[in-house]
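**Student:** The structure is given below, and queries will be raised subsequently.
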Amino acid sequence: MKHLTALLVSILLGASVMTVLAQETHISDQGEYSIELPSSLWRSIAEPDPARERAEFVYGDRMDGYLQIRKEIVDAGTSPADVAQRDQDQKLRYIPGFVGGKQEPFSGRLNGVTASYEFTKAGKPMMGRIYYLQADNRTIYALRFTGLRDKLARIRNQTDSIARSFKLK
């Protein structure tokens, strides 16, 4: 029985070490923020520059999981929920097949809200999940995840983990 317990403990420790080794910290080129990518399948495909204002990452293939990180400057006192509602009213509702979901509070290194929605792309059922994280009273970061509905739902723990790991430098 002691050998079985020792074997189980060593397996759990090995799995924990492999999980930690699989995580990769990504620091933005401007050094504004960092995130932890929980799997080696996540990779950076674009960094912000004068022409593109957002960082982009994919999980294997763009249809499996796609992340855009964008910094938004807002009026003082604007809440993440206000930005989420504005995005839904002014941008998201025009996406083909858009079906709005619910807003939920979100806690991590930065707090805010999440907004989920569904849409169609090339006739395929897609899903979006946006994390609106409040950096200060005038800055909100939007982490926009999209992908095939079934695939994005399967990596929800990873999208939550990435948003929780988001921190300012």
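The values are calculated or read from the model by the stated rules, or taken from the named source; none is laboratory data. The model shown is predicted, which means the values in this text are computed figures rather than measured ones. Positions of Cβ are generated from backbone atoms using ideal geometry, with glycine treated the same way; all protein chains shown enter the neighbour counts.
**Student:** In region 87-114, which residues are surrounded by 14 or more Cβ atoms within 10 Å (Cβ to Cβ) and assigned to a helix (DSSP H, G or I)?
**Tutor:** Matches in region 87-114: Asp87, Gln88, Leu92.
**Student:** Leu21 fails exactly one of the following numbered conditions: (1) modelled with pLDDT under 95; (2) within 16 Å of Ser165 (Cα to Cα); (3) part of a loop (DSSP other than H, G, I, E, B). What is the number of that condition?
**Tutor:** So the condition that Leu21 fails would be (3).
**Student:** Here's another thing I want to ask about it. Listed residues Gly108, Gly100, Gly112, Gly60; which is of a type outside the set (S, T, N, Q) and over 26 Å from Glu32 (Cα atoms)?
**Tutor:** Exactly one residue qualifies, and that residue is Gly100.
**Student:** Right, something else. Kindly provide the set of residues from region 148-165 that are assigned to a helix (DSSP H, G or I) and either under 19 Å from Ala55 (Cα atoms) or within 11 Å of the chain's Cα centre (by Cα) (or both), ordered by number. Let's see the steps before the verdict.
**Tutor:** Taking region 148-165 as the starting set, the residues that turn out to be assigned to a helix (DSSP H, G or I) are 149-154, 156-165.
The answer is Leu152, Arg156, Asn157, Gln158, Thr159, Asp160, Ser161, Ile162, Ala163, Arg164, Ser165.
**Student:** Taking the conditions exactly as written (aliphatic (A, V, I, L, M) and either within 13 Å of the chain's Cα centre (by Cα) or in a helix (DSSP H, G or I) (or both)), does Ile45 satisfy them or not?
**Tutor:** Numbers: aliphatic (A, V, I, L, M): yes; either within 13 Å of the chain's Cα centre (by Cα) or in a helix (DSSP H, G or I) (or both): no.
Criteria not met by Ile45.
**Student:** Follow-up question, since we're still on this one. Could you give every pair whose Cβ atoms fall below 9 Å, whose first residue belongs to region 68-85 and is closer than 28 Å to Leu37 by Cα, and whose second residue is buried (at least 17 other Cβ atoms within 10 Å of the Cβ) and among the charged types (D, E, K, R), counting only separations of at least 6 or pairs across chains?
**Tutor:** Gln68/Glu56; Gln68/Arg144; Ile69/Glu56; Ile69/Arg144; Arg70/Arg144; Val83/Glu72
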